[in-house]
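Engineer: My questions will all concern the structure given below.
The values are calculated or read from the model by the stated rules, or taken from the named source; none is laboratory data. Bear in mind the structure is a predicted one, so any value in this text is a computation, not a measurement. Cβ sites come from the backbone with ideal geometry, for glycine too, and all protein chains shown count toward neighbours. Surface accessibility is based on the protein's heavy atoms, side chains included, excluding ligands, DNA and RNA. Shrake-Rupley method; radii C 1.70, N 1.55, O 1.52, S 1.80 Å.
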Amino acid sequence: SNKPRKKKKKRKTKKNAAGETVEDNELEDIDSLLERIEDPRLAPQSQGGISADSRPLLYVEHRNLNPENELKRYFGARAVLGDQRPRQRQRQYVRSMWLTAPKNTWPRYSKTGITMQLLDTRRGVQHFTFEHHREYQQVQFKFLDAVESMDPNNIVLLLQMNPYHVDSLLQLSDVCRMQEDQEMARDLIERALYSLESAFHPVFSLTSGTCRLDYRRPENRAFFLALFKHLMFLEKRGCPRTALEFCKLILSLDPENDPLCVLLLIDFLCLRAREYAFLTRLFQEWESHRNLSQLPNFAFSVPLAYFFLSQQEERPELERGQARERAARLIQLALIMFPSVLMPLLDHCSVQPDARVASHPFFGLNAQISQSPALNQLTSLYVGRTHALWKDPAVMAWLEPHVHEVLRMVEAQDALVQEAEHKRKIRYQSAPRNIYRHIILSEMKEATAALPLEVTSQPVMGFDPLPPLDSIVSYTRPERTSHPSNESTLSLFFRSLLPNFNLQGDIRHDGDDEAGAAQDLNQGVNRLMAAMRDMLANIQFQEPPRDDNPEGDGDWD
């Protein structure tokens, strides 16, 4: 058993002709091997372009949660890591994490008072919840006071004392983003994720897709929001594949309720990351019980994904033909169901439609005016977010004949057109609260402008936007003691100097007892005199410095 070990040691220290160790070459070989493993062309494919993977749909891979792996695929390991490799051996030990990489510039981590508990297990699904200990609750109350003060400096002071308080990190990240400090905003979100991951239950798994968190519990919301804000930063950074993996993670935490409505975002990330097979698989498996085709983003993105699959020359011609047929059928259904998408989409793409399309009332201005506000929010969100993916000339050339085919069906009074118009009138009467929450977090100006007044008129906090109406509250903020309004000016003056002073103290509410009232009055006067004595005793007057020259210089500056 010792011989292989010696051989391995010799092989590691072996020099090449140039006198350099082969350690870097071995690392490069590992990187190239990872790239080969992650190459989608090597993955087994089944009929219809769907990956023949038996894993659950929302299975999350650890390697895809690290944006450095994606950047290395784009730019190479040396361009991303630079000269970090030699320094890693001297770096101090930090706990390795899956969601973020801890930074040496962060404050030293200590337990914050957040823990995670396993509530129960039902049908193979484990339900967890975060819990706040008493110390963390006190910090949470101070944070709420700082938010009410409307002064970000108070949150900064709170973070100096509690550098891993999650809600403070989320709120301050929004402040930094508004001030165009994107780097600091992203760093604060990563620190919040680090704090939450440090509190994970030993059984809690990010990858299994069978661990649930209830958004109705306020303690769990910070994890949802931190993940969502982090994936938005990743997408802007140019890491759509990593952002897609975080989106799958959010969806797996509560797929039934989807509190942040990431289903409105996941199709865009799939198209950006060129994960067309996953998008089509999601549509096929969830369409029957979730009616994904009734969302404009799935109605248009799924046929676009099939079109891109049909353009991949490495696929067999039979698969490409099937993808073309599905793309044609689904894009026509999408145009019939949501005609108000076409003209804004062409406008964003700077494409001028032909005279027949521009003058036809089916796609005209009336299609946008007649739709409900809730549907207008969904279509505006999709066009504002995804229009760049439709600018490809090949995509526009593929879209044009299907638009004319839909106009032919409209003029022929096809039954599908009448049925779609009936569905639009019945459905989309009002949007659920999670869609409003998603629009607020996405900050897409086209969709934000379409929000109703009852949403825009109420204050929205970055650490908890539009909390659920059926929240499960485990602890409440103590009410502040309200001071009597009939206090004298002298009493208010002394309270401004001595916050603990109370002239009226323990005044009895039994107004019939005159002796007790007189006694309370005497106690109040005595308390006032004692407070005055304490204040005067603590006043110190500083003597002016003595001048060694009593005669003085005779001049004043």
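Engineer: So which residues in region 107-152 are of a type in the set (S, T, N, Q) and farther than 26 Å from Glu256 by Cα, if there are any at all?
Structural biologist: Correct list: Ser110, Thr112, Gln137, Gln138, Gln140, Ser149.
Engineer: A further question on this structure: Every residue in region 174-189 that is out of contact with any helix residue (DSSP H, G or I) (no Cβ under 7 Å at 6 or more places or on another chain), assigned to a helix (DSSP H, G or I) and open to solvent by 40 Å² or more (accessible area, probe 1.4 Å), please.
Structural biologist: Step one: of region 174-189, the residues out of contact with any helix residue (DSSP H, G or I) (no Cβ under 7 Å at 6 or more places or on another chain) are 174, 178-183, 187.
Pick out the ones that are also assigned to a helix (DSSP H, G or I) and you get 174, 178, 182-183, 187.
Selection gives Met178, Gln182, Glu183.
Engineer: What number of residues within region 388-446 are more than 20 Å from Pro467 (Cα to Cα) and touching a Ser or Thr at 6+ places or on another chain (Cβ under 7 Å)?
Structural biologist: Summing the residues that are more than 20 Å from Pro467 (Cα to Cα) and touching a Ser or Thr at 6+ places or on another chain (Cβ under 7 Å) in region 388-446 gives 3.
Engineer: Check Val302, Val357 and return the single one that is modelled with pLDDT of 95 or more and not polar (S, T, N, Q). Outline the logic, then answer.
Structural biologist: On the way: Val357 fails: modelled with pLDDT of 95 or more.
Only one candidate qualifies: Val302.
Engineer: I've got another one for you. Return a yes/no flag: does region 283-299 have any residue that is touching an Asp or Glu at 6+ places or on another chain (Cβ under 8 Å) and surrounded by fewer than 22 Cβ atoms within 10 Å (Cβ to Cβ).
Structural biologist: Just the residues of region 283-299 that are touching an Asp or Glu at 6+ places or on another chain (Cβ under 8 Å), to begin with: 293, 297-298.
Still in the running and surrounded by fewer than 22 Cβ atoms within 10 Å (Cβ to Cβ): 293.
Within region 283-299 (the criterion being touching an Asp or Glu at 6+ places or on another chain (Cβ under 8 Å) and surrounded by fewer than 22 Cβ atoms within 10 Å (Cβ to Cβ)), the answer is yes, since at least one residue qualifies.
Engineer: Still on this structure: Within region 212-271, track down each residue that is closer than 19 Å to His62 by Cβ and open to solvent by 10 Å² or more (accessible area, probe 1.4 Å).
Structural biologist: Arg241, Lys248 - these are the residues of region 212-271 that are closer than 19 Å to His62 by Cβ and open to solvent by 10 Å² or more (accessible area, probe 1.4 Å).
Engineer: Let me ask something additional. Report every pair of residues separated by at least 6 positions or lying on different chains whose Cβ atoms are under 7 Å apart, first residue within region 360-379 and touching a residue at least 12 places away in the same chain (Cβ under 8 Å) and under 27 Å from His438 (Cβ atoms), second of a type in the set (Gly, Ala, Ser) and not in a loop (DSSP other than H, G, I, E, B).
Structural biologist: So the pair list comes out as Ala367/Ser340; Gln368/Ser340; Gln371/Ser340; Gln377/Ala447; Thr379/Ser340.
Engineer: Just name the residue that is farthest from Thr112 (Cα to Cα) out of those in region 191-200 that are of a type in the set (A, V, I, L, M, F, W, C) and open to solvent by less than 20 Å² (accessible area, probe 1.4 Å). Reasoning before the result, please.
Structural biologist: Here is the first cut: in region 191-200, the residues of a type in the set (A, V, I, L, M, F, W, C) are 192-193, 196, 199-200.
Still in the running and open to solvent by less than 20 Å² (accessible area, probe 1.4 Å): 192-193, 196, 199.
Working: Ala192: 11, Leu193: 13, Leu196: 9, Ala199: 9 Å.
Looking at residues that are of a type in the set (A, V, I, L, M, F, W, C) and open to solvent by less than 20 Å² (accessible area, probe 1.4 Å), I get Leu193.
Engineer: Going through Asp120, Asp145 one at a time, which residue ends up being without any contact (Cβ under 8 Å) to a residue 12 or more places away in the chain, assigned by the TED database to the domain that holds Glu219, open to solvent by 20 Å² or more (accessible area, probe 1.4 Å) and part of a strand (DSSP E or B)?
Structural biologist: Asp120
Engineer: Spot the failing condition for Val203; the list is (1) open to solvent by less than 10 Å² (accessible area, probe 1.4 Å); (2) farther than 12 Å from Leu253 by Cβ; (3) touching a residue at least 40 places away in the same chain (Cβ under 8 Å); (4) not polar (S, T, N, Q), and only one is missed.
Structural biologist: (1)
Engineer: A further question follows. Condition check: part of a helix (DSSP H, G or I), open to solvent by 50 Å² or more (accessible area, probe 1.4 Å) and among the acidic types (Asp, Glu). Does Asp167 satisfy that? Give the steps one after another, and end with the answer.
Structural biologist: Numbers: part of a helix (DSSP H, G or I): yes; open to solvent by 50 Å² or more (accessible area, probe 1.4 Å): no; among the acidic types (Asp, Glu): yes.
So Asp167 does not fit the description; no.
Engineer: When the residues of region 312-347 are filtered to those that are farther than 25 Å from Gln418 by Cα and among the acidic types (Asp, Glu), which remaining residue is surrounded by the most Cβ atoms within 10 Å (Cβ to Cβ)?
Structural biologist: First, pick out the residues of region 312-347 that are farther than 25 Å from Gln418 by Cα: 312-324, 347.
Next, only the ones that are among the acidic types (Asp, Glu) stay: 313-314, 317, 319, 347.
Details: Glu313: 6, Glu314: 8, Glu317: 8, Glu319: 18, Asp347: 13.
Residue satisfying both the conditions and the ranking: Glu319.
Engineer: For region 239-333, which fully contained helices (runs of 4 or more DSSP H) count at least 1 residues that are within 30 Å of Ala415 (Cα to Cα)?
Structural biologist: Details: elements: 240-253, 266-273, 276-290, 296-310.
By residue number, 266-273, 276-290, 296-310.
Engineer: Within region 407-433, track down each residue that is part of a helix (DSSP H, G or I), open to solvent by 30 Å² or more (accessible area, probe 1.4 Å), under 18 Å from Pro296 (Cβ atoms) and touching a residue at least 24 places away in the same chain (Cβ under 8 Å).
Structural biologist: Leu416, Lys423, Arg424
Engineer: Identify the residue in region 218-265 that is polar (S, T, N, Q) and under 23 Å from His289 (Cα atoms) and, among all such residues, is farthest from the chain's Cα centre (by Cα). Give the steps one after another, and end with the answer.
Structural biologist: Narrowing region 218-265 to residues polar (S, T, N, Q): 220, 242, 252, 257.
Right, trim to under 23 Å from His289 (Cα atoms) and you get 252, 257.
Details: Ser252: 14, Asn257: 16 Å.
Among those that are polar (S, T, N, Q) and under 23 Å from His289 (Cα atoms), it is Asn257.
Engineer: Those residues that are more than 24 Å from Asn434 (Cβ to Cβ) and basic (Lys, Arg), I need them from region 277-323; list them, please.
Structural biologist: Scanning region 277-323 gives Arg315, Arg320.
Engineer: Which of the numbered conditions does Gln126 fail, given that it passes all the others? Conditions: (1) more than 19 Å from the chain's Cα centre (by Cα); (2) under 23 Å from Pro218 (Cβ atoms); (3) part of a helix (DSSP H, G or I).
Structural biologist: In the conditions (1) more than 19 Å from the chain's Cα centre (by Cα); (2) under 23 Å from Pro218 (Cβ atoms); (3) part of a helix (DSSP H, G or I), Gln126 misses (3) alone.
Engineer: If you take the residues in region 382-405 that are among the β-branched types (Val, Ile, Thr) and touching a Phe, Trp or Tyr at 6+ places or on another chain (Cβ under 8 Å), which one is nearest to Leu265 (Cα to Cα)?
Structural biologist: Thr386
Engineer: In this structure, does Glu219 turn out to be among the charged types (D, E, K, R), in a helix (DSSP H, G or I), under 30 Å from Val139 (Cβ atoms) and in contact (Cβ under 8 Å) with a residue 40 or more places away in the chain?
Structural biologist: For Glu219, the condition - among the charged types (D, E, K, R), in a helix (DSSP H, G or I), under 30 Å from Val139 (Cβ atoms) and in contact (Cβ under 8 Å) with a residue 40 or more places away in the chain - is met.
Engineer: Conditions first: (1) at pLDDT 95 or above; (2) touching an Asp or Glu at 6+ places or on another chain (Cβ under 9 Å). Leu193 passes all but one, so which condition is the exception?
Structural biologist: Status for Leu193: all satisfied but (2).
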